[in-house]
């Protein structure tokens with residue numbers, strides 16, 4: 001009888017461990033709301049064929065003036081958390097975020113996702129944008 005109780009105890013313990021192993025484990029990446037990446041080619045096709053996409057440049061004003069993608073909105077990455085709610089009213093709109101090389105766009109995309117923007121895409125850097133760009137004439141004399 002003692003042997004049966006020991007076997008039963010071991011079975012219950014093993015069952016408990018196997019059930020505990022089935023519980024979902026939240027990884028570090030699951031804790032942060034997500035954004036997606038998008039290639040220049042896919043972004044260009046979508047910009048040409050869809051309305052309402054926000055093209056967001058997160059570089060400095062000087063960098064933006066020097067060269068930017070036509071139709072883009074400037075919100076420097078340093079001010080994204082304070083200016084986004086004012087300038088980006090629709091939290092469900094598609095937002096394509098870019099910078100110079102891709103570092104700041106990833107930071108800004110994550111910040112927007114953390115602020116509950118639901119359709120955020122990291123386009124990376126304008127250095128990889130093979131399509132049209134434009135300059136803004138300087139108003140500083």
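Values as computed for the structure displayed
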quantity: Answer from 109, 65 - the residue that is in contact (Cβ under 8 Å) with a residue 60 or more places away in the chain, buried (at least 19 other Cβ atoms within 10 Å of the Cβ), part of a helix (DSSP H, G or I) and out of contact with any helix residue (DSSP H, G or I) (no Cβ under 9 Å at 6 or more places or on another chain); calculated: 109
quantity: Meets criteria (in a loop (DSSP other than H, G, I, E, B), touching a helix residue (DSSP H, G or I) at 6+ places or on another chain (Cβ under 8 Å) and on the phi < 0 side of the Ramachandran plot) for residue 130; calculated: yes
quantity: Any chance residue 84 is touching a residue at least 12 places away in the same chain (Cβ under 8 Å), farther than 19 Å from residue 128 by Cα and surrounded by fewer than 17 Cβ atoms within 10 Å (Cβ to Cβ); calculated: no
quantity: Pick from the range 92-102, criterion touching a helix residue (DSSP H, G or I) at 6+ places or on another chain (Cβ under 9 Å) and free of Cβ contacts under 8 Å to residues at least 40 places away in the same chain, ranking: farthest from residue 80 (Cα to Cα); calculated: 101
quantity: Residue 93 being farther than 19 Å from residue 136 by Cα and crowded, with 17+ Cβ neighbours inside 10 Å; calculated: no
quantity: Every residue from the range 29-46 that is over 20 Å from residue 104 (Cβ atoms) and either modelled with pLDDT of 95 or more or surrounded by 11 or more Cβ atoms within 10 Å (Cβ to Cβ) (or both); calculated: 41, 42, 44, 45, 46
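The values are calculated or read from the model by the stated rules, or taken from the named source; none is laboratory data. All values derive from a computational prediction rather than experimental measurement. Virtual Cβ from ideal backbone geometry, glycine too; neighbours counted across all protein chains shown.
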